[in-house]
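**Q** What follows is a structure written as structure tokens; I'll ask about it next.
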Amino acid sequence: MKIIQLIQKPQLRGAEIFACQLSNHLMEQGHEVLVVTIFKGDAQLPFKGEIIDLARPLSKRFVDFQGWKKFNSIIREFKPDIIQANAADTLKFAVSSKILFSWKEPLVYRNANKMGDFIDSKFKWALNKFYISKVAYVISVSKECEKDFIKTFSYPEKRIRTVEIGVEEQELGGIPKDLQKIFKRGPVLSHIGGFVPEKNHKGLLRIFTETLKNNPDTQLLLIGKGRLEPEIKVRVEELQIKENVHFLGYRSDVLEVLYYSNAFVLPSLIEGLPAVILEAMYCKTPVVAYNVGGVGEVVLQGETGWIVEKNEEAKFQQHLEEILAGDENISERVKTAKNMISDKFLNKQIAQGFAKCYFEVLKS
């Protein structure tokens, strides 16, 4: 097959990283893959093949005739069998190009979130339903997100399937040099996610502040970027925990950070199935997370991690303190979690699931 993977922009965010890792494995299977990015970005993406960067300005996010035209030209030249739009703005960009220039190649949508949680008006629902009506097939990141998608848009069950996100196998190095002093100060908690409302950094800071009362040497690493980062930095100053909270931006050594952390924390209010949870499990790092989206499909209380109902901050903190105190159940849970990742969630296995979906689309 010839496949185009359309992503938002060159950035080290979960959706873009996974799309590139998936593309590498699809190429190893013998398929020809082209990655196309829409907006300007500054990251070096982990893709071994050709990347075409349209470098469109974000101001053209909603109406971009030139961008849609350029994408149409790429399709005409590459002649793909399948085009996959990977979340965010890629769906409306691809559909707009398809309508305007009448290309016939089937469009697959990667649903990476519980979309019903984002639909807060009839206009948003109608607009998204229109875009989705132009899609040949949907690959959802989790069963919970699949059920939500079907319910929200009355989407045909025969045209949607769950193929989870995966983890890339690799040898792990030592503690990153620029973080060694931080790791020497005390236990380390890591959070990975963009600075957007649904990631709930404010709630995380409340939980962390309470945790510091009994564990004053604990450090919190915040990996990611986003529009709320300045506000969160101000909040850290107000809480007087600046010496314990570290803003690291995007990083390419996330697995090493996770491997040496005492716990990975994810108090998100909205999620699909974030790869960072699976990566933490791969690193045998304890995971504490809110039970949202597809998180509960992999973080099983008492088996593979510590899961808390949304906004139960005191219970979240309680689990963190158990881990920091060296709870006797830690080693068994992280071992079970690592085995689950090895059995079901490695990217080389996940890529086979995507290829199977593509073949189903082409047969129909």
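**Q** Taking region 103-130 on its own, how many of its residues are touching a strand residue (DSSP E or B) at 6+ places or on another chain (Cβ under 9 Å) and surrounded by fewer than 21 Cβ atoms within 10 Å (Cβ to Cβ)?
**A** 3
**Q** Determine, yes or no, whether residue 78 is in contact with a Lys or Arg (Cβ under 8 Å, 6 or more places away or on another chain), within 27 Å of residue 143 (Cβ to Cβ), among the aromatic types (Phe, Trp, Tyr) and surrounded by 12 or more Cβ atoms within 10 Å (Cβ to Cβ).
**A** For residue 78, the condition - in contact with a Lys or Arg (Cβ under 8 Å, 6 or more places away or on another chain), within 27 Å of residue 143 (Cβ to Cβ), among the aromatic types (Phe, Trp, Tyr) and surrounded by 12 or more Cβ atoms within 10 Å (Cβ to Cβ) - is not met.
**Q** Now a separate question. Please specify each residue of region 243-263 satisfying the condition of being farther than 21 Å from residue 347 by Cα and either part of a helix (DSSP H, G or I) or in contact (Cβ under 8 Å) with a residue 24 or more places away in the chain (or both).
**A** 244, 245, 246, 247, 248, 249, 250, 260, 261, 262, 263
**Q** To continue, here is another question. Write out, first by first residue and then by second, each pair whose Cβ atoms fall under 9 Å of each other, whose residues are 6+ apart or on separate chains, and whose first residue, in region 181-209, is within 14 Å of residue 242 (Cα to Cα) and among the polar types (S, T, N, Q) while the second is assigned to a loop (DSSP other than H, G, I, E, B) and open to solvent by less than 40 Å² (accessible area, probe 1.4 Å).
**A** Final answer for the pair search is 209/241.
**Q** Among the residues of region 193-228 satisfying the criterion of being within 18 Å of the chain's Cα centre (by Cα) and in a helix (DSSP H, G or I), which is surrounded by the fewest Cβ atoms within 10 Å (Cβ to Cβ)?
**A** Here the answer is 197.
To keep it simple, each residue is scored yes or no on (1) without any contact (Cβ under 8 Å) to a residue 60 or more places away in the chain; (2) not in a loop (DSSP other than H, G, I, E, B).
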residue	(1), (2)
277	yes, yes
284	yes, no
296	no, yes
316	no, yes
319	yes, yes
337	yes, yes
341	no, yes
351	no, yes
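**Q** Turning to a different aspect of this structure: Could you list all residues from region 95-130 that are hydroxyl-bearing (Ser, Thr, Tyr) and over 22 Å from the mean Cα position of the chain (by Cα)?
**A** Scanning region 95-130 gives 96, 97, 102, 121.
**Q** Which condition does residue 10 not pass, out of (1) farther than 23 Å from residue 60 by Cα; (2) touching a residue at least 24 places away in the same chain (Cβ under 8 Å); (3) not hydroxyl-bearing (Ser, Thr, Tyr), if it passes all the others?
**A** (1)
The values are calculated or read from the model by the stated rules, or taken from the named source; none is laboratory data. The structure displayed is predicted, hence computed values, not measured ones. So basically every Cβ, Gly included, is an ideal-geometry build from the backbone, and we count neighbours across all protein chains shown. Surface accessibility is based on the protein's heavy atoms, side chains included, excluding ligands, DNA and RNA. Shrake-Rupley method; radii C 1.70, N 1.55, O 1.52, S 1.80 Å.
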